[in-house]
Amino acid sequence: MQILSRRWYIYFIFTAVFGIFWFLFKLGGIPHPGQAISSTAIDVAFSFTALLLTVEMLIPALFYKGKYGLFLICLLSVILITGTGNIFSQLYLMGSNIFEYQKNLTRYKEHFFYWFWSDLVLGSYFLMALIACGGLAIRLSFDRIITARQIIQLEYEKTRAELEGLKNQMNPHFLFNALNTVYYKIEKSNVEGRKFLESFSSLLRYQLYECDQSLVPIENEMKFLHDYISLQSQRLDSQCNIRFNGFENVKGYLIAPFLCMPVVENCFKHISRKPENNSFIHIDVSLQGDWLEMHTDNSRDELSENGSGGIGLQNIRQRLEMIYPDNFIMETTTEKKRFHLLLKIKLSQT
């Protein structure tokens, strides 16, 4: 919007400057100032029309979309139409028309012939072509400069982001060494504590080292989800019923990493934590041919507005549409105190 406003400012300056100089030029052939002003206004009006049609319509609609042949035809049409309009208007201004050509030629002889073909016809089409092509060249030049600046700015921001990332990045080896240290600090009798830390290390290792591909073995993804559910289960009340089945039986296919993770995370995020609601999470996965099928059930608070996952599940659906277009099914059912999700994804074999 700011660039467009700037262009209109340039159009205004161009029209004013061009009008003044063109009026002075007209005075050399039309000694009457009033008629010179009217003739100048006609030339400027048709020239400005040719400029606007070329710069604001033909360039973005055709040239920038690679339709060069159609653009050239339309540009020539604009020059022809505006030039012809200018010719008819100038003849009308002098009290004549195109049909009186023979009459004027007989009356003014060679003077009218050279004025009509050289000054009026050739001059009108040349002026329209000059203004339209000049506007084309200037628009392309300015757009190229703006694009170059944007590219430089994007490169700068990308480089700065990479530097910030490197500056803030923590060495994964340090993390694992720290976790190993904590592991050996835990007494051997504390089996649950050591098992918890092992599961956390497994999650971290999968995220750092095994998810750098667009597709990963589904058994790795299932193990990651299994470990994640096990860890999250430790955080919930012992009375909460957590059940997850089938993860170890899903293998032999590839899947996009972390695709099912938000579905599982949604269960733990929106589960009801009120004792009287009999809180539960049930997650079942299986293979039906080459389709992964996942069912999730979780209790929810009756007055919770986000029990259905809200924006989180919308983001999952958008990602599925990008990665598995027409190869997934995602259905949700929301009840008073219960939320159910069915996810099916057609997988590719390893």
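At-a-glance table
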| quantity | calculated |
| --- | --- |
| ARG300 long-range amide H proximity, modeled H, under 5 Å | SER272, ARG338, PHE339 |
| Mean accessible surface per residue for the chain, computed with a 1.4 Å probe while every protein chain stays in place, in Å² | 63 |
| In order through the range 131-144: 3J(HN,Hα) via Karplus (6.51 cos²θ - 1.76 cosθ + 1.60), integer Hz, x for Gly, Pro | 5, 5, 5, x, x, 4, 5, 5, 4, 5, 5, 5, 5, 5 |
| Helix-only [θ]222 nm of the chain, DSSP H runs n ≥ 4, -39500 (n - 2.57) each, per residue, nearest 500 | -20000 deg cm²/dmol |
| Radius 12 Å from Cβ of ILE37, net charge of other residues (Lys, Arg +1; Asp, Glu -1) | 0 |
| Angle between the chain longest axis and helix 191-209 axis [Cα atoms, degrees, rounded to 10] | 20 |
| Relative contact order (percent, whole number), the chain, Cα cutoff 8 Å, 6+ residue spacing | 10 |
| Percent accessible area from carbon and sulfur atoms, the chain, protein chains only, probe 1.4 Å | 60 |
| Where HIS295, HIS111 fall by accessible area, highest first, once all protein chains stay in place (1.4 Å) | HIS111, HIS295 |
| Nearest 10 degrees, 0 to 90: helix 261-270 Cα axis against the chain principal axis | 70 |
| Entry for Cα Rg over 2.2 N^0.38 Å (calculated from the structure that is shown) out of (1) 1.45; (2) 1.82; (3) 1.00 | (2) |
| Distance from the range 65-90 to the range 229-295 (C-alpha centre basis), Å | 65 |
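The values are calculated or read from the model by the stated rules, or taken from the named source; none is laboratory data. Because the structure is a prediction, the values reported are computed rather than measured. Positions of Cβ are generated from backbone atoms using ideal geometry, with glycine treated the same way; all protein chains shown enter the neighbour counts. What goes into the accessible areas is simple: the full protein's heavy atoms, side chains included, and nothing from ligands, DNA or RNA. Shrake-Rupley method; radii C 1.70, N 1.55, O 1.52, S 1.80 Å.
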